[in-house]
Each structure stands twice: as structure tokens, then as C-alpha cells.
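Visitor: Here it is: the structure, laid out below.
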Amino acid sequence: MPAKNQQVDIPVYLFTGFLEGGKTRFIQETLEDPRFNKGERTLLLLCEEGEEEYDISTYPNKEVFQEVIEEESELQPQHLTELLQKHNAERVIIEYNGMWQLKMLFERLPDNWTVYQEMCFADATTFLTYNANMRSLVVDKLNTCELIVFNRFTKDMDKMAFHKIVRGVSRRSDIAYEYTDGKVEYDEIEDPLPFDINAPIIQIADRDYAIWYRDLMEDPNKYEGKTVKFRGIVAVDKKFPKGTFAVGRHVMTCCVEDITYSCVVAEWDNAFALNNRQWIHITAAIHVTRHKLYRGKGPVLTVKEVAVTSKPEQEVATFY
């Protein structure tokens, strides 16, 4: 039993995507499945209303309670907690509005609400258009999902076009194609890294920095003890520990508004000789360890060689 006043962890199952992507149908089938729905009191939060409606009468029990969130302003920890307590629910399913940013939801979930699973659904017949016209929203939904399901897929569609869009955002998300006849295929296209991770010195070309940085941050232990060479821009600050600087590139995921300085902590006795915003070629060994600038563990570069250089032809790194 939890101690008095201790909050119980509330599992959240998050379903994202755009209108007519298949979220409602999948959630309906999930709640009809006795393997998932064994009588737990479930709060179903609907942040958008599509053409399909939920049929609660088909559930193996009546312990599912539906609430509608009509405005983004309603996504507040206190209000969400009140809805949970209103139905004495043990878990939460969220059908999220495709036009709302996920960052806002993650910031406003109650502290004891934990996302256990996040799945994204998209209509394959409109997804490429969404990506062309509203890429920032597409990236937002692909960035953290564990699985993206492309519904209404047909044999004449090019899987690679969808694959590249997903992999341009995340290498971790699983991809599934659901055909119009109900058949489901999982994506098995291999994505070899554009550099040799087993080379004595891993050479990162300017065009590959974004891919390398994401791979490093997603699986830093893979790079433990390896030596890397790349071109980056220096960041120094008097508040940094002695002999420490940062080196990286500005990376754009989808649009100018999301450009971020994506850097790695580096340690070098001659760090004092470096200037802010100076371009360098750096050769360094990678060690995953705790560091003050990470506020925990992260990849730290032990410098072997530094050479001042010019900026690359394309200063902002991208995934495509």
C-alpha cells in the first residue's frame, strides 16, 4: 500500500496523429480486448472529435469514463487530476489533437501521470501532404512515438518515402503499414549509418553531423571508448568547469524555428585558448560519464587534437 499522502503512479496510454488517421478505431478495439481491459477504471480523454464515435456498450466492462478536452487551455494539471478523481480512475487513455503540440501536454500532465506507451496513427493517403505543408506538426508527433501506423496503405505506395520521413526524425520508432485489406506489414528497411562506427577514427562528414549526433545521444554507450573526428563550433563560458568547453553544430529538424545548438561536452587542458563561436576540427575519444554540464551521464569528449578551421558550406546541419 502507498504511504499516506503518497501519490499513486497513473499510467497514461497516448495516441497521437491527425484526423482520420485511425486513432479512434484502434482505441475502440483496444478497449474491447479483454487482455487490455480487465476491469480497470479508465479515464478516456478525447482532445478531438472525428467522424467515428466510441461505443462503450461493446467493452467487457463499464469501467471506462469519457471526458472531452475542447480547448488547449483545459490541459492543466489540476483540471486533469480533478477528472481522474471524478471517476476514481486507475489509468488514462488520451486521444490527442493532431494540431496541438505534444510539448504542451508533457509539460502539463500531473506529476504522477507517466506515459507508458505512445503510438501515432496517420492516413497514408494524406500523410505526405501533411508533411509538406505542416512538417513541424508531423515532426512533433514522430519525435517521441514508439510506433507509427500508416493506415489505408496500398500496394502502389512507395514505403521508402514514408520511411525516410520517419527516420529523418527518429531511428527508434517502429513503422507499420496497414493495407486497405487489413493486412499489416512492419517496416524492415535497413538504415546503415553513413559513417563507419568501427573505424579507428570515426570520420563524421559535415552533411552527417545531425544523424551522428542523434545516434550518439540515443545510444551513447555504443560509442564508449571510440575516437571521432568532426567539424563543429565552439561554445565557452566562464561558468564551465576548468578545462571544459562544448562543441557542436546548429541542427534543424524541420524548420527554422526549431534550430538548436546540438553540442557535446569536451575536456581539454588548452580549452582556455578557444574562443566562442570558433570553428574547429576536433579529434577526441568518447567516454560516457557523469558531468556537471549534463546534470547526469552523457558522452564526454577527451580531446586528442584540435585544429582551427573555416565554417562549412552549410552552417546549419539537417537530416535531409
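Visitor: Which condition number in (1) touching a Phe, Trp or Tyr at 6+ places or on another chain (Cβ under 7 Å); (2) in a loop (DSSP other than H, G, I, E, B) is the one that ASP111 fails?
Guide: Unmet condition: (1).
Visitor: Considering each of ARG277, ARG231, ARG295 in turn, give the residue that is at positive phi and over 25 Å from the mean Cα position of the chain (by Cα).
Guide: The conditions single out ARG277.
Visitor: Restrict the check to region 49-58 and report whether at least one residue is surrounded by fewer than 20 Cβ atoms within 10 Å (Cβ to Cβ), out of contact with any Gly (no Cβ under 8 Å at 6 or more places or on another chain), β-branched (Val, Ile, Thr) and part of a helix (DSSP H, G or I).
Guide: Looking for residues that are surrounded by fewer than 20 Cβ atoms within 10 Å (Cβ to Cβ), out of contact with any Gly (no Cβ under 8 Å at 6 or more places or on another chain), β-branched (Val, Ile, Thr) and part of a helix (DSSP H, G or I), one finds at least one in region 49-58, hence yes.
Visitor: Evaluate region 23-36: report whether one residue or more is open to solvent by 20 Å² or more (accessible area, probe 1.4 Å) and at positive phi.
Guide: Looking through region 23-36, none of the residues is open to solvent by 20 Å² or more (accessible area, probe 1.4 Å) and at positive phi.
Visitor: Out of region 270-297, which residues are farther than 29 Å from ASN198 by Cβ and surrounded by fewer than 17 Cβ atoms within 10 Å (Cβ to Cβ)?
Guide: Of everything in region 270-297, those that are farther than 29 Å from ASN198 by Cβ and surrounded by fewer than 17 Cβ atoms within 10 Å (Cβ to Cβ) turn out to be ASN270, PHE272, ALA273, ASN275, ASN276, ARG277, LYS292, ARG295.
Visitor: For TYR130, only one of the following conditions fails: (1) touching a strand residue (DSSP E or B) at 6+ places or on another chain (Cβ under 7 Å); (2) over 14 Å from ASN143 (Cα atoms); (3) at pLDDT below 95. What is its number?
Guide: Against the list (1) touching a strand residue (DSSP E or B) at 6+ places or on another chain (Cβ under 7 Å); (2) over 14 Å from ASN143 (Cα atoms); (3) at pLDDT below 95, TYR130 comes up short only on (1).
Visitor: Considering every residue within region 196-214, establish whether at least one is of a type in the set (D, E, K, R), over 25 Å from HIS291 (Cα atoms) and within 20 Å of the chain's Cα centre (by Cα).
Guide: yes
Visitor: Also, quick follow-up: Report, ordered by the first and then the second residue, all pairs with beta carbons closer than 7 Å, sequence separation of six or more or different chains, a first member in region 148-164 that is more than 14 Å from CYS120 (Cα to Cα), and a second member that is assigned to a helix (DSSP H, G or I).
Guide: Final answer for the pair search is ARG152/ALA124; ARG152/THR125; PHE153/ALA124; MET157/ALA124; ALA161/LEU128.
Visitor: Confirm whether ILE201 is closer than 30 Å to GLY22 by Cβ and open to solvent by 50 Å² or more (accessible area, probe 1.4 Å).
Guide: no
Visitor: Only residues that are over 12 Å from ARG249 (Cβ atoms) and either among the aliphatic types (A, V, I, L, M) or in contact (Cβ under 8 Å) with a residue 40 or more places away in the chain (or both): list them for region 306-318, please.
Guide: VAL306, ALA307, VAL308, THR309, GLU313
Visitor: Which residue is farthest from the chain's Cα centre (by Cα), if the candidates are limited to region 170-185 and must be open to solvent by 10 Å² or more (accessible area, probe 1.4 Å) and under 23 Å from PHE319 (Cα atoms)?
Guide: ASP174
Visitor: Which of the residues belonging to region 298-320 are assigned to a strand (DSSP E or B) and open to solvent by 70 Å² or more (accessible area, probe 1.4 Å)?
Guide: Scanning region 298-320 gives LYS304, GLU305, VAL308.
Visitor: If you don't mind, another one. Scan region 52-71 and report the pairs whose first residue is under 20 Å from GLY21 (Cα atoms) and whose second residue is open to solvent by 80 Å² or more (accessible area, probe 1.4 Å) and in a loop (DSSP other than H, G, I, E, B), with Cβ atoms within less than 9 Å and a gap of 6+ or a chain change.
Guide: VAL68/GLU49; GLU70/GLU49
Visitor: Failed condition for GLY17, given (1) at pLDDT 95 or above; (2) crowded, with 20+ Cβ neighbours inside 10 Å, with all others met?
Guide: Evaluating GLY17 over (1) at pLDDT 95 or above; (2) crowded, with 20+ Cβ neighbours inside 10 Å leaves (1) as the failure.
Visitor: Now for a separate question. Test GLU118 against the stated conditions and say whether it is under 30 Å from GLN7 (Cβ atoms), among the acidic types (Asp, Glu) and surrounded by 15 or more Cβ atoms within 10 Å (Cβ to Cβ).
Guide: Here the answer is yes, as GLU118 does meet what is asked.
The values are calculated or read from the model by the stated rules, or taken from the named source; none is laboratory data. Bear in mind the structure is a predicted one, so any value in this text is a computation, not a measurement. Virtual Cβ from ideal backbone geometry, glycine too; neighbours counted across all protein chains shown. In case anyone asks, the SASA skips ligands and DNA or RNA and just uses the protein heavy atoms, side chains included. Shrake-Rupley method; radii C 1.70, N 1.55, O 1.52, S 1.80 Å.
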